[in-house]
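S.K.: First, the structure itself, so that you have it in front of you.
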Amino acid sequence: MPTSSIGMTINGTRVGLDSKEIVEIPITTGLNGTAIKLVVHAIVGAEPGPVLCIINTIHGGEWYAIEPLRKIRETLSTSDMAGAVLIVPVVNPAAFALDIRNVPDQVDSPDMNRIFPGPLTSTGDQIIAALTNELISQSDALIDFHMGPKGAAFTDALAGSDFPGDLSARCLELALAFGSPIVRHSPMIGGFPGPKSSKPYAAAVLGIPGFGGEVGGAGFGPKLDQVWHGRTIRGIHGVLGSMGVIDVNNDHLPEKQLVYRSAHRINPRVGGILRPELSGFEMGSEVEKGQLLGTMISPYTGETLEELRAPANGLAYYVGREHPVYPGGWAFGLAEIDDDAHWVANGEAVH
Ligand SMILES: [Zn+2]
């Protein structure tokens, strides 16, 4: 829902045109007595126009976009905007504080990205209900940032392909405008992550297109932090440009972008120390079927426990650095280049 001539209203608080405001939405009181709230940054342009909602840290350990989102808030100039951006840097404060994925309460709905629209009364449900009713439902597009689990870095944007009408195409358009070199376009209602997560719920139930943003990861060093944060910032500008909120020149778009359907997680079957063959700088690079991506080493005996090899030809959409990995923990991901995949350049399909 675009902003109007008087701006927009968030949970009863009016944010006028040409202003940046922090709006707090009270949620509930935790068992430890602390007030739980959603902190929303509203950046409302001088002219009315479409609204982009950006959410982050819905999984508590996935906080990596907090810093680029801060820079976006600082640098966006409301006088040059027709429309608005709503940013929630931390959707899941309880889990974020403990650096874990889910709310720590022993409840039926621990994973906040699997319970939309928040029908119950747990902390997570109440946060998701406020997020849905106050923010997402009055937006025209959604970006949901994940990532930062320590040890692996990602370069991927996830757009659903099984939404009604033209919504799947609009989701893909937004993900491409973000400039991710690798874009997954696959069923989200019938496949991962299911109909009760943010993007499928927004698209299929609310009619609001969006995508999941996965850029970088913590602990790879300041050089890569700078590269990945820059990509996130330019990508958000690209999305705002495609929505008509700001003017952009699109020079952030890579030469070509892979749109793919088949994702392979090459995560270990055993726990151990991951010794990677690919570095963070090689994320997004081509790997060949059978190529050795990493080795799992026993922290106790030093012996090799498992070799992790590419199951197909494709692009490495996530890479792990040297770190301890649980069985099934993040090591490497492959976007398969098969008959379902295609390349796009400047928004057009190429071969
Ligand atoms: Zn996540």
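The values are calculated or read from the model by the stated rules, or taken from the named source; none is laboratory data. No experiment lies behind these values; they were computed from the predicted model shown. Virtual Cβ from ideal backbone geometry, glycine too; neighbours counted across all protein chains shown.
S.K.: Of all residues being over 24 Å from the mean Cα position of the chain (by Cα) and of a type outside the set (Ser, Thr, Tyr) in the stretch 8-19, which is surrounded by the most Cβ atoms within 10 Å (Cβ to Cβ)? Just the residue, please.
M.R.: Met8
S.K.: It is to be established whether one or more residues within the stretch 62-81 are loosely packed, with under 14 Cβ neighbours inside 10 Å and of a type in the set (A, V, I, L, M, F, W, C). Full working, then the answer.
M.R.: Initially, the stretch 62-81 is screened for residues loosely packed, with under 14 Cβ neighbours inside 10 Å, giving 74-75, 77, 79-80.
Narrowing the set further to residues that are of a type in the set (A, V, I, L, M, F, W, C) leaves none.
Within the stretch 62-81, not a single residue is loosely packed, with under 14 Cβ neighbours inside 10 Å and of a type in the set (A, V, I, L, M, F, W, C).
S.K.: Now, a different point. Would the stretch 55-67 turn up any residue that is part of a strand (DSSP E or B), in the same structural domain as Cys171 (by TED's automatic domain parsing), within 16 Å of the ligand (Cβ to nearest atom) and under 29 Å from Lys150 (Cα atoms)?
M.R.: So far as the stretch 55-67 goes, yes, one or more of its residues are part of a strand (DSSP E or B), in the same structural domain as Cys171 (by TED's automatic domain parsing), within 16 Å of the ligand (Cβ to nearest atom) and under 29 Å from Lys150 (Cα atoms).
S.K.: So if I check each of Arg275, Arg261, Arg265, which one is closer than 28 Å to Asn346 by Cβ, touching a residue at least 24 places away in the same chain (Cβ under 8 Å) and not aromatic (Phe, Trp, Tyr)?
M.R.: Working: Arg275 fails: closer than 28 Å to Asn346 by Cβ; Arg265 fails: closer than 28 Å to Asn346 by Cβ.
Among Arg275, Arg261, Arg265, only Arg261 is closer than 28 Å to Asn346 by Cβ, touching a residue at least 24 places away in the same chain (Cβ under 8 Å) and not aromatic (Phe, Trp, Tyr).
S.K.: Considering only residues that are crowded, with 19+ Cβ neighbours inside 10 Å and either among the basic types (Lys, Arg) or within 16 Å of the ligand (Cβ to nearest atom) (or both), which ones fall in the stretch 37-54?
M.R.: Once the filter is applied, which keeps residues that are crowded, with 19+ Cβ neighbours inside 10 Å and either among the basic types (Lys, Arg) or within 16 Å of the ligand (Cβ to nearest atom) (or both), the stretch 37-54 yields only Ile54.
S.K.: Against the definition (closer than 17 Å to Ala263 by Cα and crowded, with 20+ Cβ neighbours inside 10 Å), how does Thr123 come out, yes or no?
M.R.: For Thr123, the condition - closer than 17 Å to Ala263 by Cα and crowded, with 20+ Cβ neighbours inside 10 Å - is not met.
S.K.: If you don't mind, another one. Having 1 or more residues that are within 14 Å of the ligand (Cβ to nearest atom) is the bar; report the helices (runs of 4 or more DSSP H) wholly within the stretch 73-181 that clear it.
M.R.: On the way: elements: 93-98, 123-130, 167-178.
Result: 93-98, 123-130.
S.K.: Can I ask one more? Picking from Ile208, Ile189, Ile246, which residue would you name as being surrounded by 22 or more Cβ atoms within 10 Å (Cβ to Cβ) and under 30 Å from Pro164 (Cβ atoms)? Even if it seems obvious, please write down each step before you answer.
M.R.: Numbers: Ile189 fails: surrounded by 22 or more Cβ atoms within 10 Å (Cβ to Cβ); Ile246 fails: surrounded by 22 or more Cβ atoms within 10 Å (Cβ to Cβ).
Testing whether each residue is surrounded by 22 or more Cβ atoms within 10 Å (Cβ to Cβ) and under 30 Å from Pro164 (Cβ atoms) leaves just Ile208.
Here is a yes/no grid of residues against (1) outside any loop (DSSP other than H, G, I, E, B); (2) more than 17 Å from Leu172 (Cβ to Cβ); (3) out of contact with any Leu (no Cβ under 9 Å at 6 or more places or on another chain):
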residue: Met188; (1), (2), (3): no, no, no
residue: Tyr201; (1), (2), (3): yes, yes, yes
residue: Ala204; (1), (2), (3): yes, no, no
residue: Ile208; (1), (2), (3): no, no, no
residue: Phe211; (1), (2), (3): yes, no, no
residue: Gly230; (1), (2), (3): yes, yes, yes
residue: Asn250; (1), (2), (3): no, no, yes
residue: Pro254; (1), (2), (3): no, no, yes
residue: Val259; (1), (2), (3): yes, no, no
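S.K.: Only one residue in Thr57, Thr29 is at negative phi and modelled with pLDDT of 95 or more, so which one is that?
M.R.: Sole residue among the options that is at negative phi and modelled with pLDDT of 95 or more: Thr29.
S.K.: Considering only residues of the stretch 20-36 that are of a type in the set (S, T, N, Q) and assigned to a strand (DSSP E or B), which is surrounded by the fewest Cβ atoms within 10 Å (Cβ to Cβ)?
M.R.: Applying the filter and picking the extreme gives Thr29.
S.K.: Which ones in the stretch 190-199 are touching a helix residue (DSSP H, G or I) at 6+ places or on another chain (Cβ under 9 Å) and assigned to a loop (DSSP other than H, G, I, E, B)? Spell out the reasoning first.
M.R.: Step one: list which residues in the stretch 190-199 are touching a helix residue (DSSP H, G or I) at 6+ places or on another chain (Cβ under 9 Å), which gives 193-199.
Once the filter is applied, which keeps residues that are touching a helix residue (DSSP H, G or I) at 6+ places or on another chain (Cβ under 9 Å) and assigned to a loop (DSSP other than H, G, I, E, B), the stretch 190-199 yields Pro193, Gly194, Pro195, Lys196, Ser197.
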